[in-house]
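What follows is a short report on a single structure.
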Amino acid sequence: LDKLYVQILEELAIPQAKRALMIKNESEEKKWQLILAHSAMKKSESSPAAGKDTRKDANYWVELISRRNRKNEPVLSISEAGELYAVLRTAHKQFLIEFIEGDGVEALIELTRWYTSHEMRDDERKVLPQIMSTYKALMNNNIGMEGVLGIPDSITSFALGMDLTNDTDLNTAQEVIMLLAVTCFFSPEGREMVVNAMEDLRGRWRERQRFQTLVDTFANCDDNGFRAATSMFITTIVNSA
């Protein structure tokens, strides 16, 4: 059972630290459930019907993320962004490799830069949190995390999506902060990129000191989810120094 379980975790590209905890702590019943679920997914993907589903093709998503209309605006809808999150969240190792090698991460970064480079309309503000969720799914494993860290300024690109001007709607900022915390935890390189991103934000927000705006928002808001994420982020960046 454990041998099969380890093989499944490898195929799902679960990070080593998380993998060790899952092997140690999960019950035999939960391990068997994951093995059965993964086997069913692979069987479904290899069936003739699945072969016609282009949405299970990494290139389909790379092209959709990259596509623009005549006004040079992204065509990715909020529902498609949610579907991409689900696809990445359950993707096996080979899909992630194909997504990254097909420049999927670069396309996602460029998409994020487009949204954060201008004053967003209300409909655009609804899409951005979903895009941040796709990062969360992508960076939940070694392959995805290394794919993101391999792109210069990638962390700064999604950190710029942290809008703290409206303390009544901090959902996107919360998603970004959690991503920054995970990046710090992953590696010293990741922590360095997060520190550089916060320095870039210091210039954009005209702060006298890094983290000033973040700490002020933490002190003044009543959003418990945001406060918890910020506490975790600050603790992680201090402890990983």
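The values are calculated or read from the model by the stated rules, or taken from the named source; none is laboratory data. Since this is a predicted model, take the numbers as computed values, not measurements. Methodologically, a virtual Cβ is constructed for each residue, glycine included, from the backbone with ideal geometry; neighbour enumeration extends over all protein chains shown. Ligands, DNA and RNA are stripped out before the accessible areas are found, and what is left, the full protein with its side chains, is counted by its heavy atoms. Shrake-Rupley method; radii C 1.70, N 1.55, O 1.52, S 1.80 Å.
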Any idea what the dipole of the chain comes to, in debye rounded to 20, about its Cα centre with Lys/Arg Cβ at +1 and Asp/Glu Cβ at -1? 300
Sticking to Cα atoms, compute the Rg of region 83-212 to one decimal and its Dmax as the biggest Cα-Cα distance, whole number, in Å. 14.3, 45
Order of exposure, largest accessible area first, which applies to Phe186, Phe95 with probe 1.4 Å: Phe186, Phe95
For Lys136, the accessible surface traced by a 1.4 Å probe with all protein chains present amounts, in square angstrom to the nearest 10, to 80
Any idea what the relative contact order of the chain is, in percent, if you count C-alpha pairs under 8 Å spaced at least 6 apart? 16
With viscosity set to 1.306 mPa s and temperature to 10 °C, compute the Stokes-Einstein D of the chain, Rh being the Kirkwood radius across alpha carbon pairs; µm²/s, no decimals. 83
With the dipole of the chain defined by +1 on each Lys or Arg Cβ and -1 on each Asp or Glu Cβ, the option from Val87, Ala197, Phe218 whose Cα lies farthest towards the positive pole is Val87
Of all the accessible heavy-atom surface of the chain, with the other protein chains kept in place and a 1.4 Å probe, what percent is carbon and sulfur? 50
How much of Asp169 can a 1.4 Å solvent probe reach, expressed as accessible area in Å² and rounded to 10? 90
For the charge dipole of the chain, defined by +1 on Lys and Arg C-beta atoms and -1 on Asp and Glu C-beta atoms about the Cα centroid, which residue among Ala159, Leu76, Tyr135 has the Cα displaced farthest towards the positive pole? Tyr135
Just to make sure I understand: if all protein chains stay in place, what is the order of Arg125, Arg191, Arg208 by accessible area at 1.4 Å, largest first? Arg208, Arg125, Arg191
Does anyone have the angle between helix 78-89 and the longest principal axis of the chain? Alpha-carbon axes, 0 to 90°, nearest 10? 60
Taking the Cα atoms only, what angle lies between the long axis of helix 2-11 and the longest principal axis of the chain, rounded to 10 degrees? 50
Return one number: the angle in degrees, 0 to 90 and rounded to the nearest 10, between the long axis of the Cα atoms of helix 122-138 and the longest principal axis of the Cα atoms of the chain. 50
Heavy-atom accessible area of Ile97 with all protein chains present, probe 1.4 Å, nearest 10 Å²? 50
